[in-house]
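Notes to accompany the following structure.
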Amino acid sequence: MDKQKYTPMMQQYLEIKEDYADAIVFFRLGDFYEMFFDDAIVASKVLEIALTSRDAGAKVPMCGVPYHSVKPYIQKLIEKGFKIAIVEQVTEAGKGLVKREVIRLITPGTVLEDGILDAKTNNFIGSILLTEKGYALTYVDISTGESFITDGLEKKQALDLVLSLGIKEVVLPMHFDEYIINSLNDNELLVSFSDQFQIIDNKNLNHLEREQKRAASHLLNYLVNTQKQMINHLMPFKVIQRVGHMHIDYRVKKHLEIDESLVNNSQTTLLHWLNECQTAMGSRMLKSMLNHPLYDIKALNERYDLIEAFTPYQPREQMIGHLRYIYDINRIVGRIAFQTVNARDLYQLKETLRQVPDLKETIKRYQNPKLDEMVSQMDEHQTLFDHLEQSIHDDPPITLKDGGIIKKGYHQKLDELRDIDLHGKTWLSEFEKTERDRTGIKNLRVGYNRVFGYYIEVSKGNASLVKEEFGYERKQTLANSERYITPILKEKEDDLLHAKERSMTLEYELFKEIREFAESFTFSLQELSTKIASVDVYLALAIVSEKHNFVRPTLQNGRDVEVIQGRHPVVERFTKFVANDVIMKEGEIFLITGPNMSGKSTYMRMYAMIVYLAQIGSFVPAEKARLPVYDAIFTRIGSSDDLSGGKSTFMVEMVESNEALTKATEKSLILFDEIGRGTATYDGMALAQGMIEYIHEKIKAQTLFSTHYHELTVLENSLERLTNLCVKAKEENDTMVFLHHVEKGTTDKSYGIQVANLAHLPKSLIARSKQILEKLEDKENKVVLDLFNYEKFEAEDVQTINPDKASVLDEIEKLNTDQMTPIDALLLLKHYQSLIKPKK
Ligand code: ADP
């Protein structure tokens with residue numbers, strides 16, 4: 001493009017745009033942010049604003065949004081996954097071209113604006129890197145300062161985590177693994193690229209291992225580049241150890257509707273019914289607990305203890321009363337760090353701190369040593385509170401430069417300036433009176449003109465009375481009078497003329513000092529925030545438990561399960577729930593049969609929910625629950641067919657089943673719902689039976705397997721740890737009554753025809769179908785074979801390439817070695833080696 005043909009301003013624009021090709025450039029011109037060229041065409045469509053043009057040497061497409069109400073426009077673009085480069089004027093308007101620079105790059109993962117961010121959800125930005133220990137995922141919420149890293153991941157685990165944590169934007173090195181890039185794109189996540197790895201010297205990284213530091217620095221470099229400043233308020237990176245956590249992939253979370261609804265109705269999620277939190281920090285912490293279920297009996301019992309501690313009813317109302325007035329400390333601290341905080345935020349911070357002493361007193365009423373310990377660690381920030389209480393106005397405006405922020409009595413000079421501004425006239429007449437009294441000149445008068453400013457006027461007749469000691473200095477001689485000034489008047493003149501402006505500037509200066517003072521409390525405020533969040537969360541869980549009759553689960557190292565009268569925590573909100581028991585032994589498989597709609601799926605989900613709740617540290621909906629801890633939950637539950645992703649229902653079913661079959665251990669929980677539906681009957685039945693046997697013989701994980709193939713129930717005879725369960729239904733007057741009661745035993749038919757009858761299919765068709773069924777059932781189609789010898793098969797199968805090896809070969813074929821650094825190549829080699837080495 002020939003830049004020369006454009007005006008200097010447009011050339012300036014084009015130069016900036018060159019560096020921000022992947023962003024929409026918001027170019028500040030007076031009271032507007034203007035967009036030009038393609039940006040204008042795209043943005044005018046997305047924002048539904050008029051596309052005009054500007055003559056800038058040549059005609060240029062243009063659209064603009066007002067500076068003072070830019071937020072909704074930013075929000076819209078960010079939600080659509082755009083990045084926005086904010087270009088501001090950085091020098092005062094004067095002669096020649098104003099200098100302009102990008103002051104911030106706003107991306108979906110780095111928004112800070114209150115109102116765009118959801119208070120109850122973290123806004124994470126992440127980075128994936130290949131390290132010596134496999135893939136590392138680093139993620140940070142810059143609005144709250146929370147920072148995490150987890151490493152030693154496989155590629156798919158890293159992707160799973162990105163999806164399950166709801167990370168908004170992922171930073172990758174250039175020329176990264178295509179599978180990862182494509183998967184992120186498929187899920188409509190914004191991918192940003194950065195090749196800056198230099199280690200950031202920051203105390204928040206000191207405790208990390210070398211490779212973890214490199215991964216964290218990769219993300220931090222990107223953040224510093226987009227924010228154009230060091231990110232000072234980040235908390236030390238928390239290393240998420242995979243060993244202490246239960247493994248769940250995002251599909252499990254989705255199937256069980258943990259925090260995301262399958263039908264776009266938040267009321268069907270577990271999160272919705274658990275969230276009795278009063279504060280935004282509490283809500284986010286609860287969500288984070290749901291995202292990171294634990295596999296650690298001790299840690300879980302500590303959580304149960306806290307719920308128990310908050311169970312007594314007495315102080316509850318008071319607790320809620322205090323928590324309700326607690327604002328989002330973390331995000332205010334974030335805005336302090338980014339200097340986008342306003343006086344209203346600081347007022348809210350102060351009101352929050354006001355609650356702390358009373359909150360602590362109320363917690364003490366529980367008389368629980370654990371809570372007392374928590375209380376003792378809650379810093380009231382008395383100094384900061386006092387400072388804010390003295391300085392910040394109670395109802396300050398959002399703008400910082402128009403005054404009205406600082407309280408009277410905080411700063412003498414400010415009070416004077418305000419006083420002058422308010423009482424300028426009074427002061428002048430008082431001054432006049434004092435001077436008359438002092439000099440004895442009765443007709444002395446104070447006046448003002450534009451050339452000389454304020455003066456004291458004495459008539460010619462009285463001029464001789466002006467004495468040296470008055471300190472009057474002659475300024476002007478007129479026909480009938482002399483005009484003087486005094487040092488006091490001179491000083492005041494300045495004040496009088498500029499009082500308003502000065503007081504506003506001074507207020508802003510003072511505000512900046514106060515902000516700086518508050519910033520020095522960043523880390524202790526974040527600690528306080530975390531403490532309050534946990535108080536809020538455990539109180540909320542105690543409230544839920546009490547409201548809905550949850551009990552404290554007993555966790556044990558053994559694998560026996562004893563759930564008495566279990567309920568599904570969400571389904572029971574919508575209907576009168578029929579409670580069911582789950583009594584299970586080590587390695588047991590439940591084969592669940594029963595007609596459609598009888599409650600097979602709900603029973604399986606109910607148990608998974610109870611396990612999930614127990615492992616986030618919550619009480620569970622049952623009369624009694626003795627549970628093992630699971631290292632993972634795997635689900636294959638219908639209805640999430642990835643047709644748009646180009647995979648058929650049956651293929652998705654098999655891919656998901658394979659996750660469980662290859663990753664589950666004897667300490668995992670597997671839920672398989674109606675496996676084999678998507679293919680022909682015998683095909684499906686054979687696969688279903690194959691899977692059950694494989695799990696029974698090889699994996700030995702506790703499994704709930706629902707099926708409409710009632711033929712499979714004969715497996716109870718050959719598999720010693722398989723138990724048949726059924727959900728019976730009664731046929732009454734040609735209709736079916738569902739009791740939803742799960743018991744031991746089998747159903748001898750699928751009830752498909754009965755259900756078809758219920759749906760009022762033609763009577764003759766139903767009659768004919770019954771005939772056909774009878775004939776088919778005459779044929780013996782129950783397959784009882786000797787159990788398969790898996791060890792022998794695998795020993796003989798060493799020649800064939802195992803699936804990991806095959807996928808490694810696939811990947812090597814796709815590599816673009818021209819674009820790899822030697823280090824990357826070595827790391828990748830090491831990674832492949834780890835994949836194909838026999839696992840111990
Ligand atoms: P299936 O998997 O056997 O086809 P579902 O588990 O999907 O059946 O259950 C169908 C419907 O029956 C559910 O949507 C729910 O409303 C109801 N239901 C299932 N189990 C129960 C139960 N234990 N108590 C009350 N209602 C239930």
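The values are calculated or read from the model by the stated rules, or taken from the named source; none is laboratory data. From a predicted model like this one, the values you see are computed outputs, not experimental measurements. Here Cβ is always computed from backbone atoms with ideal geometry, including for glycine, and neighbour counts include all displayed protein chains.
Residue by residue, here is whether (1) assigned by TED's automatic domain parsing to the domain that holds Ala40; (2) assigned to a loop (DSSP other than H, G, I, E, B); (3) under 17 Å from Asp22 (Cβ atoms) holds:
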residue	(1), (2), (3)
His68	yes, no, no
Gly81	yes, yes, yes
Ile86	yes, no, yes
Thr91	yes, yes, no
Lys95	yes, yes, no
Glu101	yes, no, no
Ala119	no, yes, no
Thr138	no, no, no
Thr144	no, yes, no
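Only one of the listed residues (Asp560, Asp536) is crowded, with 24+ Cβ neighbours inside 10 Å, over 30 Å from Lys407 (Cα atoms), more than 16 Å from the ligand (Cβ to nearest atom) and among the acidic types (Asp, Glu). That residue is Asp536. Answer with yes or no whether Tyr448 is among the hydroxyl-bearing types (Ser, Thr, Tyr), touching a residue at least 12 places away in the same chain (Cβ under 8 Å) and either farther than 13 Å from Thr486 by Cα or assigned to a strand (DSSP E or B) (or both). Judged against the criteria, Tyr448 is not a match. Being assigned to a helix (DSSP H, G or I) and under 30 Å from Asn204 (Cβ atoms) holds for only one residue in Val544, Val537, and it is Val537. Considering only residues that are assigned to a loop (DSSP other than H, G, I, E, B), at pLDDT 85 or above and either polar (S, T, N, Q) or not assigned by TED's automatic domain parsing to the domain that holds Leu130 (or both), which ones fall in the stretch 197-231? Gln198, Asn206, listed by residue number. In the stretch 638-658 there is at least one residue matching the filter, namely being under 26 Å from Asn275 (Cβ atoms), surrounded by fewer than 24 Cβ atoms within 10 Å (Cβ to Cβ) and either under 30 Å from the mean Cα position of the chain (by Cα) or more than 16 Å from the ligand (Cβ to nearest atom) (or both). When only residues in the stretch 260-273 that are within 16 Å of the chain's Cα centre (by Cα) and at pLDDT 90 or above count, which is nearest to Ile616 (Cα to Cα)? That would be Leu271. Taking first residues from the stretch 599-626 that are more than 12 Å from the ligand (Cβ to nearest atom) and partners that are of a type in the set (S, T, N, Q) and not in a loop (DSSP other than H, G, I, E, B), the Cβ contacts under 6 Å between residues at least 6 apart in sequence or on separate chains come to Phe619/Ser545; Ala622/Gln565; Glu623/Gln565; Arg626/Thr554.
Residues checked against (1) surrounded by fewer than 16 Cβ atoms within 10 Å (Cβ to Cβ); (2) modelled with pLDDT of 90 or more; (3) among the charged types (D, E, K, R):
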{"site": "Glu435", "(1), (2), (3)": "no, yes, yes"}
{"site": "Asn449", "(1), (2), (3)": "yes, no, no"}
{"site": "Gly461", "(1), (2), (3)": "yes, no, no"}
{"site": "Lys467", "(1), (2), (3)": "yes, no, yes"}
{"site": "Asn480", "(1), (2), (3)": "yes, no, no"}
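Residues of the stretch 146-160 that are assigned to a strand (DSSP E or B) and polar (S, T, N, Q): Ser147, Thr150. For the stretch 571-589, a residue qualifies if it is crowded, with 22+ Cβ neighbours inside 10 Å and more than 8 Å from the ligand (Cβ to nearest atom), and the qualifying residues are Val582, Met584, Ile589. The condition (being over 24 Å from Ile128 (Cβ atoms), surrounded by fewer than 20 Cβ atoms within 10 Å (Cβ to Cβ), without any contact (Cβ under 8 Å) to a residue 12 or more places away in the chain and not hydrophobic (A, V, I, L, M, F, W, C)) is satisfied by just one residue among Asn264, Asn232: Asn264.
For the stretch 51-64, name all the residues that are without any contact (Cβ under 8 Å) to a residue 24 or more places away in the chain and in contact with a helix residue (DSSP H, G or I) (Cβ under 7 Å, 6 or more places away or on another chain). The answer is Leu51, and nothing else.
The single condition among (1) more than 22 Å from Thr150 (Cβ to Cβ); (2) touching a residue at least 24 places away in the same chain (Cβ under 8 Å); (3) not in a loop (DSSP other than H, G, I, E, B) that Ser192 does not meet is (1). No other residue among Ser618, Ser601 is polar (S, T, N, Q) and surrounded by 24 or more Cβ atoms within 10 Å (Cβ to Cβ) apart from Ser618. Just one of the listed residues (Leu761, Leu704, Leu725, Leu739) is among the hydrophobic types (A, V, I, L, M, F, W, C), within 15 Å of the ligand (Cβ to nearest atom), surrounded by fewer than 17 Cβ atoms within 10 Å (Cβ to Cβ) and not in a helix (DSSP H, G or I), and it is Leu739.
What number of residues within the stretch 1-20 are in contact with a Gly (Cβ under 9 Å, 6 or more places away or on another chain) and either surrounded by fewer than 16 Cβ atoms within 10 Å (Cβ to Cβ) or of a type outside the set (Ser, Thr, Tyr) (or both)? Residues that pass the stated criteria total 6.
Residue by residue, here is whether (1) in the same structural domain as Ser529 (by TED's automatic domain parsing); (2) touching a helix residue (DSSP H, G or I) at 6+ places or on another chain (Cβ under 8 Å); (3) crowded, with 16+ Cβ neighbours inside 10 Å holds:
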{"position": "Tyr347", "(1), (2), (3)": "yes, yes, yes"}
{"position": "Leu353", "(1), (2), (3)": "yes, yes, yes"}
{"position": "Val356", "(1), (2), (3)": "yes, yes, yes"}
{"position": "Glu361", "(1), (2), (3)": "yes, no, no"}
{"position": "Pro369", "(1), (2), (3)": "yes, no, no"}
{"position": "Met374", "(1), (2), (3)": "yes, yes, yes"}
{"position": "His387", "(1), (2), (3)": "no, yes, yes"}
{"position": "Gln390", "(1), (2), (3)": "no, no, no"}
